[in-house]
Amino acid sequence: RKEVEQDPGPFNVPEGATVAFNCTYSNSASQSFFWYRQDCRKEPKLLMSVYSSGNEDGRFTAQLNRASQYISLLIRDSKLSDSATYLCAVIPGADSWGKFQFGAGTQVVVTP
Amino acid sequence: DAGITQSPRYKITETGRQVTLMCHQTWSHSYMFWYRQDLGHGLRLIYYSAAADITDKGEVPDGYVVSRSKTENFPLTLESATRSQTSVYFCASTELAGGSYNEQFFGPGTRLTVL
């Protein structure tokens, strides 16, 4: 079993709709969580950090569920420009030396 | 330019040749990482470094060598390239702040093809 797992998709979303997807992690001691966006195998770019209480950045909402060991990303009012692969990243513990564990990514395709 | 850069951006080489991929960051981040990204596998950690002269293996280190004589540079060498090392390689860096690690910042990647 992979330590960080994501549904690869694709999630086909009509423009203006809402889409949500999860990322599960296996290490209960995981400390920090992030969502990255990656376009066409360009470099991943940070979309948002995920805080324990959940956080929102414009149309994007991230949640952390420690009990069930997953993080989620919700995109409201989807734009064509939201089409990308979304990678979750987890820092598994305090002694991890900043090493991330990445999911393989969830592809989102927003259609007109 | 500030940030993290990689060179070359594209490289075609032949099986058995030695190849070095360069990574340079201007933030003086302590931690640097090399990943490869292949379809179906996502990002896989090859090597990482916590500071100059401190490096360690990641998930897929075989066939690769790294060095870090200066904080800002973290070159990755393929000692004898194989076709299975055809991939996109990303360098990343981060820093420890306030007792927790910040997000990793990625370079633009090097697309390597081994014939």
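The values are calculated or read from the model by the stated rules, or taken from the named source; none is laboratory data. Just so it is clear, the model here is predicted, and its values are computed rather than measured. We place every Cβ from the backbone using ideal geometry, glycine too, and count neighbours over all the protein chains shown. These accessible areas exclude ligands, DNA and RNA; they are computed on the full protein's heavy atoms, side chains included. Shrake-Rupley method; radii C 1.70, N 1.55, O 1.52, S 1.80 Å.
Label separation (A:N12 vs B:L96): 4.8 nm, computed from points 7 Å beyond Cα along the C-beta direction.
Taking the solvent-accessible surface of protein heavy atoms with a 1.4 Å probe, what is the per residue accessible area of region B:5-44 in Å²?
Values: 2130 Å² over 40 residues.
On a per-residue basis, 53 Å².
Amide hydrogen proximity for A:Q107: with H placed 1.01 Å from N in the peptide plane, the residues at 5 or more positions away or on another chain lying under 5 Å are A:G9, A:F11, A:Y86. Per residue, the convex hull spanned by the Cα atoms of region A:9-50 amounts to 120 cubic angstrom. What the Kirkwood sum gives for chain B is a hydrodynamic radius of 14.1 Å, with every pair of different alpha carbons counted. Please give me the summed charge of the neighbours of B:T110: other residues whose Cβ is under 9 Å from its Cβ, Lys and Arg +1, Asp and Glu -1. Taking every Cβ under 9 Å from that of B:T110, the sum is +3. Toward the positive end of the charge dipole of chain A, with +1 on the Cβ of Lys and Arg and -1 on the Cβ of Asp and Glu, the farthest Cα among A:F34, A:A104, A:P10 is that of A:A104. Computed with a 1.4 Å probe over protein heavy atoms only, the accessible area of A:C40 comes to about 130 Å². Only protein heavy atoms count here; under a 1.4 Å probe, B:V19 has an accessible surface of about 10 Å².
In order along region B:27-37, phi translates into HN-Hα couplings of 8, 6, 4, 6, 9, 9, 9, 10, 10, 10, 10 Hz, rounded to whole numbers, per the Karplus curve 6.51 cos²θ - 1.76 cosθ + 1.60 with θ = phi - 60° and x for Gly and Pro.
Quantify, in whole percent, the carbon and sulfur part of the accessible surface of the protein assembly as shown (1.4 Å probe; protein heavy atoms only). Display every interim value, and only then the final one.
Numbers: 5120 of 10780 Å².
Looking at the protein assembly as shown in its full context, I get 47 percent from C and S.
Of the residues A:R76, B:R36, B:R44, A:R66, the one with the largest accessible area comes first in the ranking A:R66, A:R76, B:R44, B:R36, computed with a 1.4 Å probe on protein heavy atoms. Dipole size of region B:1-83 about its Cα centre, with +1 on Lys/Arg Cβ and -1 on Asp/Glu Cβ: approximately 180 debye, rounded to the nearest 20. Ordered by 1.4 Å accessible area with all protein chains kept, B:H29, B:H24, B:H41 run largest first as B:H41, B:H24, B:H29. Modelled spin labels at B:D62 and A:V109, positioned 7 Å past Cα toward Cβ, are 3.6 nm from each other.
In the assembled protein chains, A:D77 presents an accessible area of approximately 70 Å² (probe radius 1.4 Å). Mean sequence separation of contacting Cα pairs (under 8 Å, at least six apart), scaled by the length of chain A, corresponds to a relative contact order of 37 percent.
Just counting partner chain Cβ atoms within 10 Å, what average do the residues of peptide A:98-107 show around their Cβ? All intermediate terms of the calculation are to be shown ahead of the outcome.
Numbers: counts 17, 11, 10, 4, 8, 2, 7, 3, 0, 0.
Mean shielding by partner chains, rounded to a whole number: 6.
For chain A, a simple Cβ point-charge model (Lys and Arg +1, Asp and Glu -1, everything else neutral) yields a dipole of about 140 debye relative to the Cα centre. The C-alpha radius of gyration of region A:8-109, expressed as a fraction of 2.2 N^0.38 Å, stands at 1.04.
What percent does the relative contact order of chain B come to when contacts are Cα pairs within less than 8 Å and at least six residues apart?
Numbers: 296 pairs, mean separation 39.9, N = 115.
Result for chain B is 35 percent.
Peptide B:97-103 has a mean shielding of 5, counted as Cβ atoms of other protein chains within 10 Å of each residue's Cβ. Over all pairs of different C-alpha atoms in the protein assembly as shown, the reciprocal of the mean inverse distance, the Kirkwood hydrodynamic radius, equals 18.1 Å.
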